[in-house]
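Heads up: the structure comes next, in structure tokens.
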Amino acid sequence: MSKLSLIVAMARNRTIGINNTLPWRCPEDLKRFKALTMGHHMIMGRKTFDSIGKPLPGRTTVVVTRDTNLKIEGCLMAHSIPDAIKTCAGDTEIFIVGGADIYAQSLQLADTLYVTEIQQDVEGDTHFPAFDKIHWHETAREVHSQETPQPLQYHFVTYQRC
């Protein structure tokens, strides 16, 4: 059985995006994302794929779309979260990488949340769904800060479903 994990960077007010981009620049978060997802399947919505622009090397990209005619070179296509998860059969850990609608549909299915918690409110038009921490046990927290490319305080937090 595969482990289903959500990976997200979000502000204190749950912002995860603005105009289909990340509202901050945090190189360490991108390094962590790459380290965790390398060699695994990543499930994302079509708009999230569009914001990345190409399949990421070393990972299998599964794009969830309602458009049954859409084909993207180098990606697997799925039309629902359950369909996408079936496409990833055999992987030890499957990552849900966004966006907001995909997170909302898969949060109740997830075993693990890898959250980069940006320690401030950030303006945005896309938000991570609210989740009740009573159902999640924090198993790791690393406190970080950066001065460049922009000053940020952030925590790498891992939650396991209780």
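The values are calculated or read from the model by the stated rules, or taken from the named source; none is laboratory data. Keep in mind that what you see is a predicted model, and the values were worked out from it rather than measured. Every residue, glycine among them, receives a Cβ derived from its backbone with ideal geometry; neighbour counts consider all protein chains shown.
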- Consider only pairs whose beta carbons are under 9 Å apart and that are at least six residues apart or on different chains; among these, list those whose first residue lies in the stretch 104-120 and is without any contact (Cβ under 8 Å) to a residue 12 or more places away in the chain and whose second residue is part of a helix (DSSP H, G or I). none
- Task: Check LYS133 against each of (1) surrounded by fewer than 16 Cβ atoms within 10 Å (Cβ to Cβ); (2) modelled with pLDDT of 95 or more and name the one condition it does not meet.
- Result: (2)
- Look at ARG161 and say whether it is in contact with a helix residue (DSSP H, G or I) (Cβ under 9 Å, 6 or more places away or on another chain), closer than 22 Å to MET1 by Cα, surrounded by fewer than 17 Cβ atoms within 10 Å (Cβ to Cβ) and basic (Lys, Arg). yes
- Query: Within the stretch 6-36, restricting attention to residues that are of a type in the set (Lys, Arg) and on the phi < 0 side of the Ramachandran plot, which residue is surrounded by the most Cβ atoms within 10 Å (Cβ to Cβ)?
  - Reply: ARG32
- Item | Single residue of the stretch 95-122 satisfying the filter (small (Gly, Ala, Ser) and in a helix (DSSP H, G or I)) that is nearest to GLY45 (Cα to Cα) | ALA100
- Note on the structure: Scanning the stretch 29-60 residue by residue, the ones that are part of a strand (DSSP E or B) and in contact with a Gly (Cβ under 7 Å, 6 or more places away or on another chain) total 2
